[in-house]
1. What is the count of Lys pairs in the chain whose alpha carbons sit under 20 Å apart, if the two are 8 or more places apart or on different chains?
2. 5 Å is the cut-off here: which amide hydrogens, built 1.01 Å from N in the peptide plane, fall below it relative to Lys151, excluding neighbours closer than 5 in sequence?
3. Sum -39500 (n - 2.57) across every DSSP H segment of at least 4 residues in the chain, then divide by the residue count to get the 222 nm mean residue ellipticity, nearest 500.
4. Using 0.36 nm per residue of separation minus the Cα-Cα distance, give me the extension gain between Glu82 and Arg208 in nm, one decimal.
5. Expressed as a whole percentage, what fraction of the accessible surface of the stretch 203-352 belongs to carbon and sulfur atoms when a 1.4 Å probe is rolled over the protein heavy atoms?
6. Read phi for every residue in the stretch 31-39 and hand back ³J(HN,Hα) as whole Hz from Karplus 6.51 cos²θ - 1.76 cosθ + 1.60, θ = phi - 60°, with x for Gly and Pro.
7. Just to verify a number: FRET efficiency for Ala233 and Lys13, C-beta to C-beta distance, R0 = 51 Å, to 0.05?
8. HN-Hα J couplings of the stretch 181-187 from phi, Karplus 6.51/-1.76/1.60, θ = phi - 60°, integer Hz, Gly and Pro as x?
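The values are calculated or read from the model by the stated rules, or taken from the named source; none is laboratory data. Computed from a predicted structure; not experimentally measured. Quick reminder, even Gly has a Cβ in these numbers, built from the backbone with ideal geometry, and neighbours come from all protein chains shown. Accessible surface is based on the protein model in full, side chains and every heavy atom, while ligands, DNA and RNA are left aside. Shrake-Rupley method; radii C 1.70, N 1.55, O 1.52, S 1.80 Å.
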Amino acid sequence: MRHIIDLCDLTEKEFSDLYKLTTNIIDRPEGYTDACRGKVLGSLFYEPSTRTNLSFSTAMMRLGGSVVGFSDPGSSSTTKGETLKDTINMVSSYADLIVMRNPREGAAKAASLYSSVPVINAGDGGHLHPTQTLTDMVTILRYRGSADDMKIGLCGDLKYGRTVHSLLHFLERYHNVQIYLISPDVLALPDYMVQFLKAHNMPFCQARSIEEVLPELDVLYMTRIQRERFSSAQEYENLEGNYQLTAEKMKRAKRDMLVLHPLPRVDEIAQDVDDDPRAVYFRQARFGMFGRMALLLTLSKLPFVRAGYQDIGAHGVRCTNPKCITHSEAYLPLEGTAGARCPYCDAPLEAL
């Protein structure tokens, strides 16, 4: 069974084939209107989503398939105490594919253990968001042709930004990618991701403002900074301008630099940037729908395979991440040694 928990789950050939299919759909969408006729997507959104939820639903309907599920866990049996395991067992008996967003980190990996159909991770807490990475890569490749020899700045919330974490994971397979991390200290890239960059020899540097690095960049990836992440409103206001992109600042950027954003935005990109041809974030969102169409079509061809047996509970270790799915779903199998990475959320394990 093939699940998409991290876009890196795909081999280079599989991603290349997926990108080719995506470009075919972009260029000739009318040729795919019945490609998933009779297929059903189970859409399980345990936390709010606009773009990702609508994008997946629209993608499936444009392929001729149908969608069942929920966008509010309050309307599901979760409120009655149903486990994730039981929900996935049930939904995979009804649907041909499952897409899930869950605030618990590692939830998609956990779901894949009990599903008889492909599971697509639509975001698991602050951990990963592989189909946003697919969206980002389709946009970069469509406009640049390659991600090799690229200087990319990632700006904003790098600590909790799952879109940033997923993108960095995937960029490891490209050559000579130079990374500029632009964020306040309170929202800096988490240590496990810094260690990932070092372990894979991905050159990076840190910056305190967009202006410091803007003239160097080929791609600027903006993310939303949430006020509630700061200890006081004054602290936020003191830093706000450093992480805000305006038309005036864009004058210092390369003529072909791309501005991406996973959306939604608040005020980190000023409205006066929208008309700049280098601002491609709304086109990026549309490419995301086509990328998800290609992914759904590819996975819909896989056979139903009954999920195998899984051990019950932890074996001498626990995850140090309080947001990890293993803390709320105690039956999940968890093995390893202290200091190793949690197989669900990548955080360190510790002895019980």
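1. Summing the qualifying lysine pairs gives 12.
2. Gln178, Asp218, Val219
3. Roughly -9500 deg cm²/dmol at 222 nm, from the helical runs in the chain.
4. Details: separation 126, 0.36 × 126 = 45.36 nm, distance 4.50 nm.
Length difference between fully extended and current span is 40.9 nm.
5. Details: 3880 of 7650 Å².
Within the stretch 203-352, the accessible surface is 51 percent carbon and sulfur.
6. x, 10, 5, 10, 5, 10, 4, x, 8
7. Working: r = 50 Å, r/R0 = 0.98.
So the FRET efficiency works out to roughly 0.55.
8. Per residue, the Karplus-derived 3J(HN,Hα) values read 9, 10, 6, x, 4, 5, 10 Hz.
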